[in-house]
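Only one structure is covered here, and it is reproduced in the block below.
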Amino acid sequence: MAAKNTHPHLDPREAPIDRRDDRSSPSADPRPWAPGPPRGRTLHDTASDALTPIECALERFFESLKSRSVPVLALRGGRAAPRYRAGGDLDLACPGVFRDTVVRALERALGTFGVRVISVHRTRHMDQYQLYAPCGPGRHHHLCIDLHVAETCYGVPFLDAGELLRGRNTERVPERPAAVPGALLNFLTPYLSGGAIHPEYVARLTVVLDQHPAQMRSRLGHLVGTRMADRFCAALRDRGFGELKSCQRAFRRALLTRALLRDPLATLGGFASLAIQNRITSLRKTRGLTVALLGTDGTGKTTVGEELHAELRSSFRSTWNRTIKLRPGLFPQLGRFLGRRPTEEEYARPHRSKPSGILGTWLRASYYWLDYTLGYAVKVLPLRRRNTLILFDRWIDDWLVDPARYRFAPDSRFVRWLVAHAPRPDVILVTTATQRIVRTRKQEVSVRETLRQLTAYEEYADATPNAFLIDTSTSIDRSVDAAVLATLARSQAHVPSRTMESGAVSVEESEDRNSGSRAA
């Protein structure tokens, strides 16, 4: 039977690997599953000069725009171009009339070099792309691209791309805004959204204020009025971080008031658009990703989950990411109603208790099914409204393979019905390994039960459309690479259809194209 799995360079559904051979053979390699070399999160600390697929795509993207005289500015994250920090952000700006042209050019370049688009989030004034590309064993490149037609505060534009294009620096690719609007933009974006004051942005803004005092006062006066502009400039010259912090609300209020007086319709439309996006659209279109990890004890699902979380956190809002053990936990364990608290030794024996009868199975399964269903709505869906990663260490589908762990009667049709009507994760990763390796890691169940579960989990993965088998018989790097590709390959299916117009290519092909073009 051909089992589904992933390969560090290929689509997971194009690289089946047969793991049934040598399952119980004494010649199977029982080497311990120990961490290998450090994983590749600091991608550009290596001596290699080769660009990653994302960097190749962006180089092609900027070249195509320049040849067509389409203006695009790099607001943040483009200083080291053509290098881009893994896990970082690249903020771009373009006039609204060129928005569709720029989006099509970006998607075409990403498709040419096989860059995976994890998610696309579109608002009235911005297109946000979460990108990922594999770069070899243990090496991954994540990047977030924000394409702005205007910088906004609560949905209200205060610096549009047309203003940023005046006096821009055209000597570099990508082009950058002039000194005054560029320094203001870098400081005001975090300052207006959350009140954050970054010392490096303050230092840059102070230098620009000393070099261009009249232009800075004029630009600030246009945004917030002369009085607030004078107060703000005085705080900058005195390095008064406390004064900058205390006037943040007044500054934002002045900015929104003047925007309302200048263009009331656009301002009210911005407020309404933001409210609809946050309160209504987010309920209909979730942005988060849910991943469930299943597998026999000893196949390394917890380790794969921890490494997967660490590898993908830069593509999601890490402050909201969660790992949920077994179930959402809205309701307590049934045993707690009777004052029972299992010890660690008891937890180490998953089949310590006999299965319940038919009535006990129905009651127990119904109680925990409510926990999965209501707990998902209460604890998981609010997180999915944001760009978050939620990992489940086991999920309700585990009932089908290992009912004895939950004291269910075997082959219960009622249990199968409950599983079929429970919330579904976006991706299910089923960890597997040879029987000998599993037994060297854990011996909590019998040899026969281990073999039965390994076979049952593989059959479950073959029968489930969004399930992927992850072979953990090899190194951690290879197993996590397979998990990353399987997760992101599935999440790419949620991207709107107009993305990725060109055919995707493998990493080796994109590196060959890059090396060939640089050699030429």
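The values are calculated or read from the model by the stated rules, or taken from the named source; none is laboratory data. The structure displayed is predicted, hence computed values, not measured ones. All Cβ positions, glycine included, derive from the backbone under ideal geometry; neighbour counts span all protein chains shown.
The number of residues in the range 66-103 being assigned to a helix (DSSP H, G or I) and either touching a Pro at 6+ places or on another chain (Cβ under 8 Å) or under 18 Å from MET126 (Cα atoms) (or both) comes to 8.
Screening the candidates ASP371, ASP398 for the property of being under 21 Å from PRO465 (Cβ atoms) and not hydrophobic (A, V, I, L, M, F, W, C) yields one hit, ASP398.
So is ILE197 part of a loop (DSSP other than H, G, I, E, B) and aliphatic (A, V, I, L, M) or not? So ILE197 passes the test. For the range 346-391, the set of residues classified as at pLDDT 90 or above and among the acidic types (Asp, Glu) consists of ASP371 only. A single member of THR323, THR302, THR343 is closer than 16 Å to LEU391 by Cβ and either at pLDDT below 80 or out of contact with any helix residue (DSSP H, G or I) (no Cβ under 9 Å at 6 or more places or on another chain) (or both), and it is THR302.
Within the range 228-272, the set of residues being on the phi < 0 side of the Ramachandran plot and touching a Ser or Thr at 6+ places or on another chain (Cβ under 8 Å) comprises LEU236, ARG237, LEU256, ALA259, LEU260, GLY270. Which residues, counting only those in the range 159-185, are modelled with pLDDT of 80 or more and assigned to a strand (DSSP E or B)? Residues satisfying the conditions are GLU175, ARG176.
Restricted to helices (runs of 4 or more DSSP H) entirely inside the range 387-490, those with at least 2 residues that are buried (at least 19 other Cβ atoms within 10 Å of the Cβ) and in contact with a strand residue (DSSP E or B) (Cβ under 9 Å, 6 or more places away or on another chain) are 398-401, 447-463. Would you mind stating whether GLY96 is more than 27 Å from LEU289 (Cβ to Cβ) and in contact (Cβ under 8 Å) with a residue 40 or more places away in the chain? Judged against the criteria, GLY96 is a match. If you go through the range 99-118 and keep only what is touching a residue at least 60 places away in the same chain (Cβ under 8 Å) and either more than 30 Å from LEU268 (Cα to Cα) or surrounded by 21 or more Cβ atoms within 10 Å (Cβ to Cβ) (or both), you end up with GLU107, ARG108, LEU110, GLY111, THR112, PHE113, GLY114, VAL115, ARG116, VAL117, ILE118. Restricting to the range 319-340, give me the number of residues that are surrounded by 15 or more Cβ atoms within 10 Å (Cβ to Cβ) and within 22 Å of TRP362 (Cβ to Cβ). So the count comes out to 6.
The numbered conditions (1) on the phi < 0 side of the Ramachandran plot; (2) of a type outside the set (Lys, Arg); (3) surrounded by fewer than 18 Cβ atoms within 10 Å (Cβ to Cβ); (4) out of contact with any strand residue (DSSP E or B) (no Cβ under 9 Å at 6 or more places or on another chain) are all true for GLY225 except (1). Looking at LEU260, LEU330, LEU274, LEU312, just one residue is touching a strand residue (DSSP E or B) at 6+ places or on another chain (Cβ under 9 Å) and modelled with pLDDT of 85 or more, and that residue is LEU260. Looking only at the range 138-184, residues that are of a type in the set (Phe, Trp, Tyr) and in contact with a strand residue (DSSP E or B) (Cβ under 7 Å, 6 or more places away or on another chain) come to 1 in all.
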